[in-house]
Amino acid sequence: MAGLRVGILAIQGDVDAHRRTLARLGVEAARVRGEKDLDGVAALILPGGESTTLSKGLARVGLYEPIRAFAAAGRPILGTCAGAVLLAREVENHPVPSLGLLDVVAARNAYGTQVDSFAAEVDPGAAHGLAGLRCVFIRAPQLRPSSPAVEVLARVDGHPVLVREGNLFAATFHPELSDDPRVHALVLRSALT
């Protein structure tokens, strides 16, 4: 993975935590604040944060179409928490404009408010070596796949928490808030193929 350059949407959210995770994998991180920032990046991370703020920010800086083109070019995108909401084809519970790229319905704040935040281990049977992965949920969405093309990679209490459709990955949790880089590594491996 050395030599890869990965963009992190830097409108709002914990950009630095994702940057630190990428650094542990030997990968360079680049802040994405506009279309030109997508040049030369092999993958893109849409971080958690507040999906309304992120959605308005994408519109303000004109990134909706460039990110759609990035995905159409086959480059991997990882959306975490609010970033997963932005990837969704449909959004429930105070919908926000999304990119509409991933065949899932995202229910915003499905686990409750900030005080309902929690951490949990993925259910047994997680794919791609993700067994034992600890997930941090903060005002997290729930995802309902709406196409058989969406592969559920991990569940918590039976609910999909990490899904993949082609080059698109969505996590309802914050993988950057743990010391476990497996989710980021999984996405980056897809950038190498």
How do the pairs read when you match residues in region 55-75 that are at positive phi with residues anywhere that are at pLDDT 95 or above, using Cβ under 7 Å and keeping only pairs 6 or more apart or on different chains? G62/E35; G74/N167
Considering residues that are charged (D, E, K, R) and under 19 Å from G74 (Cβ atoms), the number found within region 92-107 is 1
Residue among L168, L143, L162, L133 that is touching a Pro at 6+ places or on another chain (Cβ under 6 Å), closer than 21 Å to R182 by Cβ and either in contact (Cβ under 8 Å) with a residue 40 or more places away in the chain or exposed (fewer than 14 other Cβ atoms within 10 Å of the Cβ) (or both): L143
Of (1) surrounded by fewer than 14 Cβ atoms within 10 Å (Cβ to Cβ); (2) under 14 Å from T172 (Cα atoms); (3) at pLDDT 95 or above, P148 fails just (2)
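If the requirement is being without any contact (Cβ under 8 Å) to a residue 40 or more places away in the chain and closer than 26 Å to A149 by Cα, which of these qualifies: L44, L101? Step through it out loud before you land on a result.
Working: L101 fails: without any contact (Cβ under 8 Å) to a residue 40 or more places away in the chain.
Residue meeting the stated conditions: L44.
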For region 132-161, the count of residues that are farther than 21 Å from G49 by Cα, part of a loop (DSSP other than H, G, I, E, B) and not acidic (D, E) equals 8
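Just checking, how many residues over region 4-28 are in contact (Cβ under 8 Å) with a residue 60 or more places away in the chain and not in a helix (DSSP H, G or I)?
Step one: filter region 4-28 for residues in contact (Cβ under 8 Å) with a residue 60 or more places away in the chain, giving 4, 6, 9, 13-14, 17-18, 20-22, 24-25, 27.
Filter once more, keeping what is not in a helix (DSSP H, G or I): 4, 6, 9, 13-14, 25, 27.
Final tally of qualifying residues: 7.
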Taking region 111-130 as the search range and keeping residues that are among the β-branched types (V, I, T) and closer than 27 Å to H94 by Cβ, which one is surrounded by the fewest Cβ atoms within 10 Å (Cβ to Cβ)? V115
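Can you tell me how many residues within region 134-155 are more than 17 Å from Y111 (Cβ to Cβ) and of a type outside the set (G, A, S)?
The initial filter retains those residues of region 134-155 that are more than 17 Å from Y111 (Cβ to Cβ), namely 145-153.
Cutting the leftovers down to of a type outside the set (G, A, S) gives us 145, 148, 150-153.
Adding up the residues that qualify gives 6.
Restricting to region 173-188, and then to whatever is touching a Pro at 6+ places or on another chain (Cβ under 9 Å) and part of a helix (DSSP H, G or I), can you tell me which residue is surrounded by the fewest Cβ atoms within 10 Å (Cβ to Cβ)? It would help to see each step written out before you state the result.
Initial filter on region 173-188 (touching a Pro at 6+ places or on another chain (Cβ under 9 Å)): 174-176, 181-184, 187-188.
Cutting the leftovers down to part of a helix (DSSP H, G or I) gives us 175-176, 182-184, 187-188.
Details: P175: 28, E176: 28, R182: 18, V183: 25, H184: 25, V187: 23, L188: 21.
For region 173-188, the residue satisfying everything is R182.
Out of region 29-52, which residues are in a helix (DSSP H, G or I), modelled with pLDDT of 95 or more and not acidic (D, E)? Break it down stepwise before answering.
To start, the set of residues in region 29-52 that are in a helix (DSSP H, G or I) comprises 35-38, 51-52.
Those still in the list that are modelled with pLDDT of 95 or more too: 35-38.
Listed by number, the residues that qualify are K36, L38.
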Inspect all residues belonging to region 16-31 and state whether any of them is under 13 Å from the mean Cα position of the chain (by Cα) and within 29 Å of A149 (Cα to Cα). yes
Candidate set from region 159-193 (those that are closer than 19 Å to G132 by Cβ and hydroxyl-bearing (S, T, Y)); member that is modelled with the lowest pLDDT: S178
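The values are calculated or read from the model by the stated rules, or taken from the named source; none is laboratory data. Please read these numbers as outputs of a predicted model, since none were measured by experiment. Glycine also receives a Cβ, built like all others from the backbone with ideal geometry; neighbour counts cover every protein chain displayed.
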